[in-house]
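The values are calculated or read from the model by the stated rules, or taken from the named source; none is laboratory data. Since this is a predicted model, take the numbers as computed values, not measurements. In this analysis, Cβ positions are derived from the backbone assuming ideal geometry, glycine residues included, and neighbour counts consider all displayed protein chains.
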């Protein structure tokens, strides 16, 4: 295998839950050495979210492969000294502890820059490291609500959260890209810039389209379940055999073809009620009745065949189990096996494939699995390690 792009980069992460672990796992995928600093004993609290994956947390198994687990109590003198030794040799420091925690420990971005000028520091917070909500706790659902996302999601009768931790994922993605950018600039200029990412601002970026729509139209997009708020027809329909098929009309060419091929009525494309996108949205219920009546005459397979013929994008309403067995994942050889403390599990390759390179897919660590090895690498002998254990520092 060729040398991975981030081999030689060392990342130290005081991380927990989802956002920071997602960012650092992606760095590990590209070859970075990621040393995950965990609480002695229990470790990252995300280890206890559930026991669904061979007795382990589904979140933890997903987010923590290819990392080394070092247990440190950084509130003890010995733990702080060990952390400082780590940071002196590291390229990147990532943290998503509670608001203000690292500042109180002398691990703020500016303080670290003074002590370790070549270290890229990435702080991940709920609402930013400054500003009126800097000290406010934030969790994924709370941020979904504060950004207005929940007001857009669900049925007309009831709002709903997105079914995955989308604010955490957004923050992790932007932290990952910000760290890569900072490493690139450090290589080009020698300057190590700090990276500051918040869950709120990451998800705010993803809210761009409905935010613009609302600000400039004066009306918030409607909450329409699995349909599209500003495009019609676009959403799920039940076929005669009880299966659900989704379709998506993106432009007038597709609308014209859909009317002629699928609905069997080419004249409908020019009908004044539906002649442009905004008209179709305004008369969504009337249009949906026409489309639903046609679906009721067809099996799902027949409907998909006609939609394909009309060159209209479509999909099945899959369960998570059906996604797991999806033919595209199998056909593109996207699955690998990853070792965990509970046994081997399947894992998807990272979505960005680099030509000629296989990503790192190493084991998920047990709590403190690499503590002794990391400390020895920092110059600690057996007596010193024993002293740290006696102090409760590791």
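Things to note:
- Selection from segment 294-330 of residues that are touching a residue at least 60 places away in the same chain (Cβ under 8 Å) and more than 14 Å from residue 243 (Cα to Cα): 307, 312, 313
Yes/no matrix, rows are residues, columns are (1) part of a loop (DSSP other than H, G, I, E, B); (2) free of Cβ contacts under 8 Å to residues at least 60 places away in the same chain; (3) crowded, with 22+ Cβ neighbours inside 10 Å; (4) out of contact with any helix residue (DSSP H, G or I) (no Cβ under 8 Å at 6 or more places or on another chain):
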{"position": "2", "(1), (2), (3), (4)": "yes, no, no, yes"}
{"position": "5", "(1), (2), (3), (4)": "yes, no, no, yes"}
{"position": "8", "(1), (2), (3), (4)": "yes, yes, no, yes"}
{"position": "12", "(1), (2), (3), (4)": "no, no, yes, no"}
{"position": "20", "(1), (2), (3), (4)": "no, no, yes, no"}
{"position": "41", "(1), (2), (3), (4)": "yes, no, no, yes"}
{"position": "65", "(1), (2), (3), (4)": "yes, no, yes, no"}
{"position": "73", "(1), (2), (3), (4)": "yes, no, no, no"}
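- Verdict on residue 118 being within 29 Å of residue 10 (Cβ to Cβ), part of a loop (DSSP other than H, G, I, E, B) and either touching a residue at least 12 places away in the same chain (Cβ under 8 Å) or outside the structural domain of residue 379 (by TED's automatic domain parsing) (or both): yes
- Listed conditions (1) in contact with a helix residue (DSSP H, G or I) (Cβ under 8 Å, 6 or more places away or on another chain); (2) modelled with pLDDT of 95 or more are all met by residue 117, apart from (1).
- Test: residue in segment 82-96 that is surrounded by 23 or more Cβ atoms within 10 Å (Cβ to Cβ), out of contact with any strand residue (DSSP E or B) (no Cβ under 9 Å at 6 or more places or on another chain) and assigned by TED's automatic domain parsing to the domain that holds residue 49: no
- Considering residues of segment 333-392 that are assigned to a loop (DSSP other than H, G, I, E, B), without any contact (Cβ under 8 Å) to a residue 40 or more places away in the chain and in contact with a strand residue (DSSP E or B) (Cβ under 9 Å, 6 or more places away or on another chain) only, the residue nearest to residue 22 (Cα to Cα): 349
- In this entry, residue 287 is excluded by the filter for residues that are touching a residue at least 60 places away in the same chain (Cβ under 8 Å), touching a helix residue (DSSP H, G or I) at 6+ places or on another chain (Cβ under 7 Å) and surrounded by 16 or more Cβ atoms within 10 Å (Cβ to Cβ).
- Residue within segment 305-312 that is assigned by TED's automatic domain parsing to the domain that holds residue 241, touching a helix residue (DSSP H, G or I) at 6+ places or on another chain (Cβ under 7 Å), farther than 16 Å from residue 251 by Cα and surrounded by 14 or more Cβ atoms within 10 Å (Cβ to Cβ) present: yes
- Number of the exception - residue 50 against (1) in contact with a helix residue (DSSP H, G or I) (Cβ under 7 Å, 6 or more places away or on another chain); (2) over 18 Å from residue 370 (Cβ atoms); (3) in a helix (DSSP H, G or I): (3)
- Of the criteria (1) surrounded by 15 or more Cβ atoms within 10 Å (Cβ to Cβ); (2) closer than 15 Å to residue 79 by Cα, which one residue 386 fails: (1)
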